[in-house]
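Notes follow the structure.
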Amino acid sequence: MPCPLTAFNLVDVSNNRQEDLLIDNAHLTLYCEIETWVSKAALTGRTENFRDQPLFNDDELIQHLGGLHQTMKFSDVTFTVRGCKFEAHKAILSARSPVFAAMFDHETAENLSHQVKINDVDPEVFQELLRFVYTGRIPAIKMKTLTTGLLAAAGKYLLGSLMTACEKYLVNEISADNCIELLILADGHCADYLKRNALNFLRSFPNEVMATDGWSSAKRDHSTWLCDIQQAAFTSTRP
């Protein structure tokens with residue numbers, strides 16, 4: 001603990017008579033004032049610089065949570081995703097997703113039974129979604145093959161950072177062949193960043209996009225939606 005600081009100030013006694021400054025044994029008497037400062041760190045036991053510093057780095061935290069994801073030790077909920085079982089921890093899920101937080105913060109059937117059934121997510125996608133919940137990471141090969149499914153799952157469980165990562169990945173993959181498919185995906189999951197960029201691509205390469213099977217299918221099966229897309233692309237200003 002830091003030591004207090006002490007200062008000694010001599011008192012001006014020039015007006016005193018010399019004989020008043022001596023005591024009986026002929027020792028000189030000095031008059032002084034003592035001031036002591038005690039720092040906040042000395043009182044609280046901590047310093048300002050240390051208070052807000054992390055005690056370990058992010059890689060260590062990810063490693064520990066990744067290990068928990070692998071073993072699922074002390075898990076307290078089981079997901080059945082199209083027949084496949086996945087263990088997890090309610091507290092971690094709730095901290096990461098407001099949807100899971102609402103599910104486990106009330107006396108829902110899922111919370112009371114510790115069982116959750118999911119039929120609208122692919123098991124492989126859910127496995128990677130859990131990995132992201134625990135570690136914040138998705139292997140590159142999985143992102144490449146499961147992006148659209150991960151984006152849909154991220155939208156369902158309100159995992160904003162995963163949604164953003166999926167949108168950015170798909171924006172880099174926009175082509176004439178998949179532009180309409182990505183616009184449909186973006187519209188269905190409120191992926192605004194992906195939609196803006198896909199509209200920009202359509203605006204820049206209209207002939208190439210309109211020559212694809214995706215455009216023909218949308219014209220046949222989603223004619224009203226396609227009219228809205230055309231209006232958004234060609235009558236709105238570029239964002």
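Name the one entry in LEU199, LEU183 that is at pLDDT 95 or above, more than 30 Å from SER94 (Cβ to Cβ), in contact with a Lys or Arg (Cβ under 8 Å, 6 or more places away or on another chain) and part of a helix (DSSP H, G or I). The conditions single out LEU183.
Filtering the range 132-147 to residues that are part of a helix (DSSP H, G or I), within 16 Å of the chain's Cα centre (by Cα) and surrounded by 20 or more Cβ atoms within 10 Å (Cβ to Cβ) leaves PHE132, VAL133, TYR134.
In the condition set (1) acidic (Asp, Glu); (2) touching a residue at least 12 places away in the same chain (Cβ under 8 Å); (3) surrounded by fewer than 15 Cβ atoms within 10 Å (Cβ to Cβ), ASP221 is compliant with all but (2). Flag not set for LEU150, criterion: within 30 Å of ILE92 (Cα to Cα), surrounded by fewer than 16 Cβ atoms within 10 Å (Cβ to Cβ) and touching a helix residue (DSSP H, G or I) at 6+ places or on another chain (Cβ under 7 Å). Counting only residues that are surrounded by 14 or more Cβ atoms within 10 Å (Cβ to Cβ), polar (S, T, N, Q) and either touching a residue at least 60 places away in the same chain (Cβ under 8 Å) or within 27 Å of LEU159 (Cβ to Cβ) (or both), how many does the range 174-218 have? Selection size over the range 174-218: 3. Can you pull out every residue in the range 224-239 that is under 25 Å from ALA165 (Cα atoms) and surrounded by fewer than 14 Cβ atoms within 10 Å (Cβ to Cβ)? Across the range 224-239, the qualifying residues are ARG238, PRO239.
With a requirement of 1 or more residues that are exposed (fewer than 11 other Cβ atoms within 10 Å of the Cβ), at pLDDT 70 or above and not acidic (Asp, Glu), the helices (runs of 4 or more DSSP H) lying completely within the range 26-92 that satisfy it span 58-71.
The values are calculated or read from the model by the stated rules, or taken from the named source; none is laboratory data. This one's a predicted model, so the numbers in the text were calculated from it and none came from an experiment. No Cβ is skipped: glycine too gets one built from the backbone with ideal geometry, and neighbour counts run over all protein chains shown.
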